[in-house]
1. Only residues that are closer than 30 Å to B:LEU368 by Cβ, out of contact with any Lys or Arg (no Cβ under 7 Å at 6 or more places or on another chain) and surrounded by 15 or more Cβ atoms within 10 Å (Cβ to Cβ): list them for the stretch B:336-352, please.
2. Evaluate the stretch B:219-238: report whether one residue or more is crowded, with 17+ Cβ neighbours inside 10 Å and under 26 Å from B:THR81 (Cβ atoms).
3. Output the number of the condition that B:THR253 fails; it satisfies all remaining conditions of (1) without any contact (Cβ under 8 Å) to a residue 60 or more places away in the chain; (2) under 30 Å from B:THR437 (Cβ atoms).
4. Among the residues of the stretch A:61-71, is there at least one that is within 11 Å of chain B (Cβ to nearest Cβ), over 19 Å from B:ASP452 (Cα atoms), of a type outside the set (Gly, Ala, Ser) and surrounded by 20 or more Cβ atoms within 10 Å (Cβ to Cβ)?
5. Of the residues B:TYR410, B:TYR320, which is crowded, with 18+ Cβ neighbours inside 10 Å and farther than 30 Å from B:ALA243 by Cβ?
6. Scan the stretch B:270-303 residue by residue and report those that are more than 7 Å from every other protein chain (Cβ to nearest Cβ) and either β-branched (Val, Ile, Thr) or without any contact (Cβ under 8 Å) to a residue 60 or more places away in the chain (or both).
7. Determine if the stretch B:413-422 includes at least one residue that is touching a His at 6+ places or on another chain (Cβ under 7 Å), over 19 Å from B:GLN121 (Cα atoms) and touching a residue at least 24 places away in the same chain (Cβ under 8 Å).
Amino acid sequence: MDAGSADGRSIGNPQVSNVATQPALNAVEGYFPTREQYLDLINQLKAEGFEMAVDLCAVDYLSHPGRELPEGITPERFEVVVNLLSLSQRRRCRVRVQVPENDPVITSIFSAYVGVEAMEREAYDMFGVVFTDHPSLSRILMPEDWEGHPLRKDYGIGRVPVQFKEGPGPR
Amino acid sequence: MSDITPTTVRSIEREALLVAETSEGAQEMFRREQTGADELRRELGAVLKVDGRALDPNNIDVERDDDETMIINMGPSHPSTHGVLRIMLELDGETVLRSKPVIGYLHTGMEKTGEELSYVQGGTNVTRMDYLSPVTNELGYSMAVEKLLNIEVPERATWIRMMMSELNRMSSHLVWMATNGMDLGSTSMMIYGLRERELILAFFEKTAGLRLNLNYVRPGGVAADLPDGWQDDVEVICDTIWARTFEYDQLLTGQTIFRQRLEGVAAITAEEAIALSLTGPLLRSTGVPWDLRRTMPYLAYDQVEFDVITGTYGDNFDRYAIRLNEIRESVRIVRQCIEMMPKGDFRTQDPKVTPPPRARIDESMEALIHHFKLFTEGFHVPVGEVYSAIESPRGELGCYIVSDGGPKPYRIHVRAPSFVNLQAIPLLMRGGMMSDTITVISTIDPVMGEVDR
């Protein structure tokens, strides 16, 4: 397959039941589907030429709620961000899905892009966002018996007490 | 006189404990009947589900059942795993049926650390991710911050960045040549590769003050101008390495043992590579001419001449040939950088981003204030989010930054090429011999610091 040559297909805006769109930074198109629209939109984007899911990560917006979202999209605590890449069209697009705190569950896109397997596991490990239909959703970076999800904003970073050489003794 | 009764044998007494100490729980590979169909298919390397090319998980080996195969563990401190990579393999004799990488042994929470460091300090963090190509890490991070800040980088800084990242690509590929040579039994290649890399590291030390974790590329430009007489140093590096690549050719490329261990081993098709999100030499080895320097140019790559090296068969040998030739292409780019290096500033003159020169602090109150603000609080970055991708020696290195308007990134995520490329292991290892697993790990070229971050 020669992905470098444009094959003349044109990518229209996917019209999956009114997915909110917004040109994001640097003229990268952004899609803001709801959780129900998410997998359909991904499948449609794949069919329209985005061959590769380059990146998938989550963001915890606990302490930064006031971000810019298109109308009709309720900001939630978690956001799953997928960056897609079209090799034939040399284009990128970004899909951002809101995931609420009290029900952090979202469909896995493993069925569309096999390559997100490790990235979804990382998002689960770091944020506790559960991806349904993932082949084996287990922790990937942290030990299996670890408690908590480290990249959440309410997860303490801990600190090492400064030890002075000749500090005053306990009073 | 029998102190040692059977109950004092350590492994018997502590069997449960031993398992608990070494187990990674659900992250490990399990027997076939305990594994779901999707996961089994993945561990088998059945990537493509369309066109009827998917493997039937119940049909991996009709002659063997679970009792006759063996699940063994390789790593995490195996010398050929390039760090702390652990791979679980299901073997039938010496043939690999399934494999699954287990990672996380070098996880240090660098993305979390990045949220606690200001944008000024962030470079010191990201440069430690992929420790073999620190400049590309810093470059990806800096370009993301600059996109958020919406500032222009002076032309000379752009060209310095380009030259340094190409030198870095050479040094990274040289280490790969070295370790790959050693994995295949050529210890002399190990010494040669590291010897040539030393030339580049010495130049890095002369320029940035450090050999490995440079923190040289920073938001707004680079840390320091090139040292006096840099042209001569870089010329010597280019001439030496250019000549030496042909010595590697003589040493390795035509050597029978070397070729037999690489040619036709662990082949991959373009469709599989794209489905697995593979980038870099792995993707190019399948014949896809995808190199971000050419396809989505950044810096000044659209002004220099170089070739994108692609392979044909997607096997180990193609990946070797691509990396060897990319060293030569990098030499070409660096030579053009020497000729075309513009004059001017090496960092932007925006005082909100760039600290003032040391001499100015003594005479200007304003410079003192800027200096103080930059190094105590750091600069504020407008609200927004950005994904910026560059071509690292291992593939697409992306940096996703979310800013809440403060002096620290709200979220910094690095799309590490090695992390994603490791997903090719089950596919590349399937059906190969045990000894081929070594070459597969080697030609994927993972850097564990980047995988685990």
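Only the coordinates and a few stated rules stand behind these numbers; no lab work does. Because the structure is predicted, anything quoted here is derived from the model rather than measured. Every residue, glycine as well, gets a Cβ built from its backbone with ideal geometry; the counts of neighbours run over all protein chains shown.
1. Hits for the stretch B:336-352 are B:ARG347, B:THR348, B:PRO351.
2. Within the stretch B:219-238, not a single residue is crowded, with 17+ Cβ neighbours inside 10 Å and under 26 Å from B:THR81 (Cβ atoms).
3. So B:THR253 meets the others, but not (1).
4. yes
5. B:TYR410
6. Within the stretch B:270-303, B:THR279, B:ARG284, B:SER285, B:THR286, B:GLY287, B:ARG294, B:PRO297, B:ASP302, B:GLN303 qualify.
7. No; the residues of the stretch B:413-422 include none that is touching a His at 6+ places or on another chain (Cβ under 7 Å), over 19 Å from B:GLN121 (Cα atoms) and touching a residue at least 24 places away in the same chain (Cβ under 8 Å).
Residue-by-condition table, conditions (1) out of contact with any Gly (no Cβ under 9 Å at 6 or more places or on another chain); (2) outside any strand (DSSP E or B); (3) under 28 Å from B:VAL288 (Cα atoms):
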site	(1), (2), (3)
A:LEU41	yes, yes, yes
A:GLY49	yes, yes, yes
A:LEU84	yes, no, yes
A:ARG96	no, no, no
A:ILE109	yes, yes, yes
A:VAL116	yes, yes, yes
A:HIS134	yes, yes, no
